[in-house]
Amino acid sequence: AARLPPQPVLPSAATMKLTPAHPLTRVVLLVLDGVGTGPGDAFDAVHLARTPNLDRLAAQSVVWRNAYAISSYTGRAIGPLFTGRYPTECPRDGAHFTRYLPSNVFLAERLRDRGYQCFGAASHFYFRPSYGLAQAMDPWDLSAEPSGGTQETQAADHRVADRALAMLRDPQRTSGRFFLWTHFFDPHKQYVDHPELPLFGRGERARYDREVMFTDVQVGRLLDALDALPPAVRDRTMVLVTADHGEAFGEHGMAWHGVELWDELVRVPMLLRVPGITPRTVTVRRSQIDLMPTLLELLRIPAPAPDAADALSGVSLSGDLLGAEAPARPVYIELPEGPFNSLRRSVIDGDWKLTERGVGRFELYNLANDPGERTNLAATDPESLRRLRDVMESVRGGLHVVRAVER
C-alpha cells in the first residue's frame, strides 16, 4: 500500500522564538516505567494528588494530553523511542527481553557525534549494555540495581535519582552539551509499599499509586537540582518526561501489560519543558514516534534523509510547541509477536481506533464516545472499518520492516 506522506507539524525550528544567545544544548529525559494516562489514570483529576512534582513541571511545559506509546511493553517500546522507528523497523532479536543490535542508531549516538556527553542511570537488568539500549551512554550507571533476586520487590528509584543527581551536579559533565537519561522503574509491577506516603485506597491500584507518588518525589529532587543549576546551563536545558507504557487494573479482564494495546496500556504522559516556549496543552492525539525528530530539530541537528538507512518514521512536533494549528496524523502502535504475546497492531485516526488482535481479527472503537473501548463497532459500522483498515495499511506500507534475528 502507498505510504501516507508525512505531514509536517512545523514551522521550522529556525523560526522559533528561542533566545539566540541561549541555544538549546542540554536534554534531560525522565522515563517513568509503567505510568499510563488512560481513562482515570495519571494526570486525571482523581489521581492528581499523587504527582505534585510532575504537575509542577506540566505547568511549565507543553503537555500532550493524548499521547501514545509506540508499544505496550518495555522491550518493544524503549528501543523504538530512542531510534525514532517502529519496533518492526529496528534490527533486533525475537526474545521477550528484546536485544537491539548495534546497527540501530540511538539518540545518544547522534548526540555523542555532535559533542554531547551522554550519561544516565537505571536499576533494571534489562538496561545492561548487552541488550543494546545503552548505546553511547557513558557513564551508564546501573549500581542501583537490586541484588539477590529482589529486582521488582525492592524500591530503587531513590538510588537511581541519587546517581543522576551526582552526575547532574558535576560541572565537568554539565558545563557543556549533555544528554541525561534517567529511567525510573519502581511504578512497574511488583509494587513495593511506602507507608510514609499517603494511602490512596486498597488493593493493587492503591499500592501502584503509592509507587507512582514515590517516583514523583524522586522526579521532584531532579527538578530542584535542575532549577539550581547556573542560568547559563538551566536556560539551555529542555526536560522531557514520558513513559514506555501504561498498566491495566482489571479493565478488559486483564492486569499487567505487554499483551494487548488497550488505551490504558498505551496512553502515556508526554510533556516537554523548553526554555523560551510558552506552556500549553495539546489535545490532538500524538505518538512518541515524533519525539526523536522533535528533539533533533530543537537542538538544530539535521534529521537523516527520508531514504537513509537510519531514516526516522515520525515528524517534528514543533508546530505543537508553538501553538500552531497542527494537523492530526494517524497514530500507529504495534506489538510484534513474542514468546509470551501474539501479534497486535492498532491505528488511531481522529477519534477512531482500529486494533488487529491476531492476524485478520479487527476491533473498532470510537474513543470520543467510548474511551474505555467497550463497544466493538467492527460489525455494525463497515464503512468506518474499511476506512481505518485503509489507514492502517497505508502506514504499514511505508514501514521499513526487518525480521527479528534468531538469538
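When SER130 is tested against (1) in a loop (DSSP other than H, G, I, E, B); (2) open to solvent by 30 Å² or more (accessible area, probe 1.4 Å), just one condition goes unmet, and that condition is (1).
So which residues in the range 253-290 are under 26 Å from ARG374 (Cβ atoms) and part of a loop (DSSP other than H, G, I, E, B)?
Step one: filter the range 253-290 for residues under 26 Å from ARG374 (Cβ atoms), giving 253-270, 283-288.
Answer for the range 253-290, where residues must be under 26 Å from ARG374 (Cβ atoms) and part of a loop (DSSP other than H, G, I, E, B): MET254, HIS257, GLY258, VAL259, GLU260, LEU261, TRP262, PRO269, THR283, VAL284, ARG285.
Scanning the range 379-405 for residues that are in a helix (DSSP H, G or I) and open to solvent by 30 Å² or more (accessible area, probe 1.4 Å) gives PRO382, GLU383, LEU385, ARG386, ARG387, ARG389, ASP390, GLU393, ARG396, GLY397. Can you tell me how many residues within the range 323-337 are under 14 Å from VAL62 (Cβ atoms) and either in a helix (DSSP H, G or I) or touching a residue at least 60 places away in the same chain (Cβ under 8 Å) (or both)? Qualifying residue count, the range 323-337: 2.
For the residues ASP307, ASP320, the requirement of being assigned to a helix (DSSP H, G or I) and farther than 17 Å from PHE106 by Cα singles out ASP320.
Restricting attention to the range 225-259, the residues being of a type in the set (D, E, K, R) and touching a Leu at 6+ places or on another chain (Cβ under 8 Å) number 4. All conditions but one from (1) open to solvent by 30 Å² or more (accessible area, probe 1.4 Å); (2) more than 21 Å from the chain's Cα centre (by Cα); (3) not aromatic (Phe, Trp, Tyr) apply to ASN366; the one that does not is (1).
Return yes when ARG169 is open to solvent by 70 Å² or more (accessible area, probe 1.4 Å) and modelled with pLDDT of 95 or more and no when it is not. Break it down into steps so the answer makes sense when it comes.
Numbers: open to solvent by 70 Å² or more (accessible area, probe 1.4 Å): yes; modelled with pLDDT of 95 or more: no.
Spelling it out, it is not the case that ARG169 is open to solvent by 70 Å² or more (accessible area, probe 1.4 Å) and modelled with pLDDT of 95 or more.
Residues in the range 287-344 that are open to solvent by less than 30 Å² (accessible area, probe 1.4 Å) and of a type in the set (Ser, Thr, Tyr) were compared, and the one that is farthest from PRO269 (Cα to Cα) is SER313.
Close contacts from the range 156-185, counting a first residue that is polar (S, T, N, Q) and a second that is part of a loop (DSSP other than H, G, I, E, B), with Cβ to Cβ under 7 Å and a gap of 6+ residues or different chains, come to THR174/LEU229. Based on this model, can you work out whether ARG267 counts as closer than 15 Å to ALA77 by Cβ and open to solvent by 10 Å² or more (accessible area, probe 1.4 Å)? It is true that ARG267 is closer than 15 Å to ALA77 by Cβ and open to solvent by 10 Å² or more (accessible area, probe 1.4 Å).
The condition (being touching a residue at least 12 places away in the same chain (Cβ under 8 Å), within 27 Å of SER71 (Cα to Cα) and open to solvent by 20 Å² or more (accessible area, probe 1.4 Å)) is satisfied by just one residue among GLU251, GLU211: GLU251.
Every test in (1) of a type outside the set (A, V, I, L, M, F, W, C); (2) in contact with a strand residue (DSSP E or B) (Cβ under 6 Å, 6 or more places away or on another chain); (3) open to solvent by 30 Å² or more (accessible area, probe 1.4 Å); (4) in contact (Cβ under 8 Å) with a residue 60 or more places away in the chain is passed by PRO139 save one, and that test is (4). Please go through the range 162-196 and give me each residue that is farther than 22 Å from ALA243 by Cα and assigned to a loop (DSSP other than H, G, I, E, B), ordered by number. Those that are farther than 22 Å from ALA243 by Cα and assigned to a loop (DSSP other than H, G, I, E, B): ARG169, ASP170, SER175, GLY176, ARG177, PRO195, GLU196. The one condition from (1) at pLDDT 95 or above; (2) surrounded by 23 or more Cβ atoms within 10 Å (Cβ to Cβ) that ARG76 does not meet is (1).
Could we say that SER103 is open to solvent by 10 Å² or more (accessible area, probe 1.4 Å) and outside any helix (DSSP H, G or I) here? First the steps, then the outcome.
Values: open to solvent by 10 Å² or more (accessible area, probe 1.4 Å): yes; outside any helix (DSSP H, G or I): yes.
So SER103 passes the test.
Taking each residue of the range 95-114 that is among the aliphatic types (A, V, I, L, M) and looking for partners that are modelled with pLDDT under 95 and surrounded by 15 or more Cβ atoms within 10 Å (Cβ to Cβ) with beta-carbon atoms closer than 6 Å, six or more apart or interchain, yields VAL105/ASP310.
The values are calculated or read from the model by the stated rules, or taken from the named source; none is laboratory data. As the structure is a prediction and not an experimental result, all values here were calculated from the model. As a convention, Cβ positions derive from the backbone with ideal geometry for all residues, glycine included, and neighbour counts pool all protein chains shown. These area figures cover heavy atoms from the full protein model, side chains too; ligands, DNA and RNA do not enter into them. Shrake-Rupley method; radii C 1.70, N 1.55, O 1.52, S 1.80 Å.
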